[in-house]
Every structure is written in C-alpha cells, then in structure tokens.
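I have placed the structure first, in the form of structure tokens, so that the comments after it can refer back to it.
The values are calculated or read from the model by the stated rules, or taken from the named source; none is laboratory data. On a predicted model such as this, the values are computed, not experimentally measured, just so you know. Neighbour counts run over all protein chains shown; Cβ positions are idealised from the backbone, glycine included.
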C-alpha cells in the first residue's frame, strides 16, 4: 500500500495581502480575492466610524460622515439589517504663487447593523446634522430583558410527556 502526500504550496503574496488588510482595513481591488475567501468587491477603504447606544428601549446609531451632504447618504432596511451607504466626493484645488495643489478624495462606503426581528422600517427615523448621521430605532430593546432559566438535575429532566401533553405544547 502506498500513501500519497499532497503538499500545498505556500503563497507569500496571499499572506502579505492578509497582513496588509489586517493593518490598513478593507482595501481590495476588483478581481483580486482575499485569503479568507470573502466575495470579491470593490472597497476603497473609507469606513466611517459608528457608535451604538441605548436610550431607554430605543437604539441610537451615530455614524460620522463629515463633509457629506444628504444627497451622498442613503439609509435603508435590507434583509433584517439597517444599511447606511453612500459616497464621499471631495475635490479641492488651490493656486498660490504659481503653484497649484489639487486634492481629490472619493470612495463609496457601506455599514450595516443587525436589527431585531420585531423591528420594522416604520420604527426607524434618521437625521443628519454637523457631519453626524443619527438613526433612532424605536423599540429595538423592547423585551430584551434578562430571563433566568431554572436548571434541573439530570434525574429531574428525564420526565416524559404523554402524547396529549406534547400536542398541547405545540399549539
């Protein structure tokens, strides 16, 4: 009987890519997949900072989007997720004493936050002021209290149900 040993060749470029992404964020070029087999997409590395706080039973999401206008931002509910997306476009030019400086910064961004199953789009409102997008999710923490579960010993948990008891508990 012979055994076959298959060795996988190490890819130093994939390892470097993984280290680079871990250090500097989600910068990927179209057509180049990452080492973690994530879907290939076009990200520019602009990921706005976000903060989620609790205000009573509401969740308040604040996303820092300095320099953007309302036309650049889109807030929607998509598949049980609150999705904030948009695009940053900043074009600036200066001419001083025969020297010109031109800066162009741009990039699309997308942040998503999981919503509880009972929250609908009607419970969400958003406002934008001074570079901060504030999204309030009304009732996000409703019923989110802690419930203590009684622990029984091994002999007590082995009780059997009759067929009539189990059909009543299914209803």
**Message:** Restricting to region 109-138, give me the number of residues that are part of a strand (DSSP E or B) and modelled with pLDDT under 90.
**Reply:** 0
**Fill in**
Output for Cβ contacts, cut-off 7 Å, separation at least six or different chains, first residue over 17 Å from residue 49 (Cα atoms) and in the same structural domain as residue 135 (by TED's automatic domain parsing) in region 94-116, second surrounded by 15 or more Cβ atoms within 10 Å (Cβ to Cβ) and modelled with pLDDT under 90, reads 105/88
**Message:** Condition check: farther than 24 Å from residue 47 by Cα and part of a strand (DSSP E or B). Does residue 100 satisfy that?
**Reply:** yes
**Request:** Output yes when any residue across region 123-130 is touching a helix residue (DSSP H, G or I) at 6+ places or on another chain (Cβ under 7 Å) and touching a residue at least 40 places away in the same chain (Cβ under 8 Å), and no when none is.
**Result:** yes
